Structures are given as C-alpha cells and as structure tokens.
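Pasting in a structure now, in structure tokens, and then I'll have a few things to ask.
What follows draws every value from the coordinates through simple rules; no lab data is involved. Every value quoted in this text rests on a predicted model; they were computed, and no experiment measured them. Using ideal geometry, Cβ is built from the backbone for each residue, glycine included, and neighbour counts are taken over all protein chains shown.
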Amino acid sequence: MSEINERANIREIKEVHASLVGLGNMSTYQPISVSLDNIMSYVPADVMSMLQATSSGLKPAVTNTTIISPSMLRCGFKETFLPTLKRLEATGANPINARKAALLATLNIMDFKVAHNNVITENLKAMLQTKNMGTLNSGMKVVMNGLEAVHTDVFVKNITNACVIASQNTGFKNVEVKSVNGKTEVIATNLQGQHLISEISVDTKTNQVSANTETIGIMDGSCTQIINRFNDELKSMNIKIGKEKRTFTSGVCQMDYSKIIDKQDKELKRQQQAKKQQELKRTQKLNSNKRLNN
C-alpha cells in the first residue's frame, strides 16, 4: 500500500544550503536590504526626508535564516504599504514622492531574498527617477513583480533542497531533481528500487507554494513509517505548513509525475519478465535438443 502526503501553502523554511545537498549549487542570494543600500544615494532629498519620518526610518530590516513564503510576503506588503502611504499623504506630501517613500519604507521592513544581480537595483533606480504617476505605478509594478519572482525562486529551491535531504535521510539515497511542466520533481530511489517522489509547485494566482510527497512501490505496509520519517526530517528544518493531508493510495499513483514513474517501472518489470521467459524457453529448448541427441 502506498501513500501521498499533500502539503499546501508552505509558510516558511529555514535556509537549506546547497552544499548540504550535493546536487549542484543553488543561485546565491541576499536580503533586499543590500539592494536598498545600493540605491540610497539615488533617492531624491524630498523623498528621503519623508522616508526618515516613517516608523521604519532608514534602519535596515533585521534579516535571519528563515525564508518567508512569497504569498505571506505579498500579504505583508499590502498590510504595510497602504497605511504608510495614507499617513504620508495626510501630511500634504506630493503624491508621487509619497508613493516612492511608502514603497521604500515598506520594502525596508520586508525580508525579500533577491539574487546577486543588478536587476532589482536598476528597477528601483528607474522607479525613483520618474516624475509621472502612471509611469511610477508601472515602475512599482515592475519592481514588485521582479522581487516576487526572485524570492519565489529562492523559496522553491530551498524547499527542493529540504526534500532532497529528507529523502536521503529517510533511506532513499539516489536522488534526481527535474523541472517538469512548471513543477519541480524530486525523484528519490532506494536500494530496492522503490520511490519517494516530492513535487513542488507554485500557484501563480496566490503565490502559494505546495509540496506533495508520494511513495511508489511500497507494498509491505511501511509507507506510513517512511512518510512519518520524511515529515520529521522536514520539521527539523523548521518548515511551517498551512494545510496538510495524508491519503492511502492503494498503489494507485496520484501525482502526475508519480504516474509516469510508476508506468516506467511496470514497463521495465514487464520487459524483465519477458526476457526471463525467453531465456527459460531457450534453456528448455537446449535441454530438449540434448535429450534427443542422446
């Protein structure tokens, strides 16, 4: 009997470094505070004075080794940006400058993780230079879309690395990672040829990240023990999950890629069985010929 563990809306994870995985290096990244430091000299004086007046001031946000999910960061941004903007506008500030200051103040207290490149910095500089409200709104959208994209990539790669480590520590030492139809597949195999498949996906509308894990070919009733061990490994990496569901599959695979792996395994077994039958018939024929000759 096999089993699937569905984990919807993963909320956070402790950083899992690629060096622990041995499957190639994960792209390097840094907290957004580094990008903000790089653009402070480009902030207009009137925007800077407003920024200093906000509750966050110019102090860098406290960053840690926990990575928050992109969906939670999106909610946090909405909860912070609009009240900050309203407070600045209430002072009679220029609307365009107020939006710039509100954006910087909000990002300053968010813990986005961004790749080590100049894209985010250049987008922020372009946004700060505009003097037109329509262009400003478009520039802010470019900044936020870029931030969400790179942060989501960092988050997914850390979840992937966590699933690799959890699989190996559960006894499925042979691990391969593939990208299939926009999803990340972690295919882990043990010495008996059984599989533990983890599938990481992102909801493009909500930015929620899910990670489902399914056992394949476990017929001795140990699937529950395997999933329990796998989950314990994930918990040791401080993964927080919004919603979790476990279902026995009775050997009928549920995830799309699990179905592919299961079909391949069955075809391989069929070919192996056919080969054995051919070898048996060949041996029987040879023995029959020997008896006739004798």
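Got a sec? Charge dipole of the stretch 89-190, +1 on Cβ for Lys and Arg, -1 for Asp and Glu; which of 145, 107, 96 is way out at the positive end?
Going by the Cα projections, it comes out as 96.
Continuing with this model, one more query. Give me the log10 of I(q) over I(0) for the stretch 83-126 at q = 0.14, 0.29 Å⁻¹, as the Debye formula computes it from C-alpha points; what are the numbers?
-0.41, -1.02
In degrees, nearest 10, range 0 to 90: what is the angle between the Cα axis of helix 95-108 and the longest Cα principal axis of the chain?
50 degrees
Also, quick follow-up: With the contact rule set at Cα under 8 Å and sequence spacing of 6 or more, what percent relative contact order holds for the stretch 29-154?
It comes to 37 percent, rounded to a whole number.
Let me ask you something else. Sort 160-170, 275-285 by the packing proxy (mean of other Cβ within 10 Å over each peptide's residues), most packed first.
Ranking the peptides 160-170, 275-285 by packing returns 160-170, 275-285.
Which order do the peptides 196-204, 82-90 come out in when sorted by mean C-beta neighbours inside 10 angstrom, highest first?
Result, highest mean first: 196-204, 82-90.
Just to check, using Stokes-Einstein with a Kirkwood Rh over alpha carbon pairs, what's the diffusion coefficient of the chain at 20 °C and 1.002 mPa s in µm²/s?
For these conditions, the coefficient is 96 µm²/s.
In a GNM of the chain with a 10 Å cut-off on Cα contacts, which of 118, 158, 97 has the highest mean-square fluctuation?
Checking each option, the largest mean-square fluctuation is seen for 118.
Still on this model: Work out the length of the dipole vector of the chain about its Cα centre, built from +1 on the beta-carbon of each Lys and Arg and -1 on the beta-carbon of each Asp and Glu, and round it to the nearest 20 debye.
1060 debye
Which one, 253, 198, 120, projects farthest toward the positive side of the charge dipole computed for the chain from Cβ point charges (K/R +1, D/E -1)?
Most positive-ward Cα: 253.
Moving on. Hey, what angle do you get for helix 256-293 against the long axis of the chain, alpha-carbon based, 0 to 90 degrees rounded to 10?
20 degrees
Would the stretch 29-154 count as rounded, prolate or oblate if I go by the C-alpha gyration tensor, calling it rounded below 1.5 in a/c and otherwise prolate when a/b exceeds b/c, oblate otherwise?
Prolate.
How tilted is helix 223-236 with respect to the longest principal axis of the chain? Cα atoms for both, answer in degrees (0 to 90, nearest 10).
So the inclination is approximately 30 degrees.
Hey, another quick one. List, in the order given, every pair from 14/125; 86/205; 125/205; 125/157; 78/141 whose Cα-Cα distance in the structure shown is over 20 Å.
As for pairs spanning more than 20 Å Cα to Cα, those are 14/125; 86/205; 125/205; 125/157.
Excluding residues fewer than 8 places away in the same chain, name every one of the lysines whose C-alpha is closer than 20 Å to that of residue 269.
Excluding near neighbours in sequence, the set is 259, 281.
If you put +1 on each Lys and Arg Cβ and -1 on each Asp and Glu Cβ, how big is the dipole of the stretch 63-218 around its Cα centre, in Debye rounded to 20?
The dipole of the stretch 63-218 has a size of about 620 debye.
Local charge sum around residue 238 (other residues, Cβ-Cβ under 12 Å, Lys/Arg +1, Asp/Glu -1)?
That works out to +1.
Restricting attention to the stretch 124-176, which trypsin sites (Lys or Arg not before Pro) occupy a DSSP loop and are surrounded by at most 12 other Cβ atoms within 10 Å?
131, 173
Give the residue from 177, 221, 34 lying farthest towards the positive end of the charge dipole for the chain; charges sit on Cβ (+1 for Lys and Arg, -1 for Asp and Glu) and the dipole is referred to the Cα centre.
Going by the Cα projections, it comes out as 221.
Take the alpha carbon atoms of the stretch 100-128, find their center, do the same for the stretch 180-242, and report the distance between the two centers in whole angstrom.
Each part's Cα centre sits 34 Å from the other's.
Kindly rank 7-16, 232-241 from highest to lowest mean number of other beta carbons found within 10 Å of each residue.
Ranking the peptides 7-16, 232-241 by packing returns 7-16, 232-241.
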